[in-house]
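Working notes, structure below.
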Amino acid sequence: IDSGSVGSSYIHETSRKISEAFDKAIEAAPSVLVIDEMESFLSERGGAGTSALFHVEEVAEFLRRIPEAGEKRVLVVAMTNMIDMIDPAILRRGRFDHVVEVEMPSRDEIKTLLLSLLAKLPVEPDVSLESALSSLCGAPLSDIAFLVRESARLAAKAGKARIDQQSFDDALDRVHRAEKKTRPQIG
């Protein structure tokens, strides 16, 4: 489930679509139902106004359907980068019994991913990964994938048949520049 697949501006429509998603998963059981960006559905219900009432209804639909799904052999997995925004009732036992925090990758994980991605590309044998391993510890895996794609792009742009140290280092500089970008101030 993602917000685009069930979200609706019509009254009660989002709750109906949530219910349909659970019904499909239960019909297909044993199955797995994945809720992506769960904060878009399951944030705290403390707001005010008409839209908040419908948000309460949507959260209530999840609260009702998650335990039912578990009883009917549906594993419900939800993902978020904003666990602090999630309604506490969702995180109670019987709904999501386990909260698994995925940390940023370690040096060994970065090395494994780099070697795996670079194995698919032509690379000069003397390319050193040490600078990347040291500076990308704690970076998201998407930065590592970008580094490899950008290295290949820069090498190709320079007319090289293989990724060389210069292309690799230039791509690493671009990763770091992207990290340092700040939004320009207005006014």
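The values are calculated or read from the model by the stated rules, or taken from the named source; none is laboratory data. None of the values given here were measured: they were computed from a predicted structure. All Cβ positions, even for glycine, are placed from backbone atoms using ideal geometry, and neighbour counts span all protein chains on display. Surface accessibility is based on the protein's heavy atoms, side chains included, excluding ligands, DNA and RNA. Shrake-Rupley method; radii C 1.70, N 1.55, O 1.52, S 1.80 Å.
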Item checked: Sole residue being part of a helix (DSSP H, G or I) and open to solvent by 70 Å² or more (accessible area, probe 1.4 Å), chosen from Glu109, Glu150 -> Glu109
Note to self: Going through Ala145, Ala132, Ala78 one at a time, which residue ends up being more than 18 Å from the chain's Cα centre (by Cα) and of a type in the set (A, V, I, L, M, F, W, C)?
What the structure shows: Ala132
Check: Does region 79-87 contain any residue that is open to solvent by 50 Å² or more (accessible area, probe 1.4 Å), touching a Gly at 6+ places or on another chain (Cβ under 8 Å) and part of a loop (DSSP other than H, G, I, E, B)?
Finding: no
Check: Which numbered condition trips up Asp173, out of (1) farther than 30 Å from Ile18 by Cα; (2) open to solvent by 70 Å² or more (accessible area, probe 1.4 Å); (3) under 20 Å from the mean Cα position of the chain (by Cα)?
Finding: (3)
Next item on the list: Starting from region 20-39, take each residue that is farther than 21 Å from Glu58 by Cβ and list its partners that are open to solvent by less than 60 Å² (accessible area, probe 1.4 Å) and in a helix (DSSP H, G or I), counting only C-beta distances under 6 angstrom and pairs at least six apart or across chains.
Entry: Ser31/Ala25
Next item on the list: Output the number of residues of region 134-147 satisfying the condition of being part of a helix (DSSP H, G or I), without any contact (Cβ under 8 Å) to a residue 40 or more places away in the chain and over 16 Å from Ala119 (Cβ atoms).
Entry: 5
Checklist line | Set Arg177, Arg95: member being among the basic types (Lys, Arg) and in contact (Cβ under 8 Å) with a residue 12 or more places away in the chain | finding: Arg95
Notebook entry, point to check: For the subset of region 4-24 comprising residues that are open to solvent by less than 60 Å² (accessible area, probe 1.4 Å) and at pLDDT 85 or above, which member is farthest from Arg65 (Cα to Cα)?
Noted result: Ala21
Check: Of the conditions (1) hydrophobic (A, V, I, L, M, F, W, C); (2) in contact with a Gly (Cβ under 7 Å, 6 or more places away or on another chain); (3) surrounded by 14 or more Cβ atoms within 10 Å (Cβ to Cβ), Met104 fails just one. Which one is it?
Finding: (3)
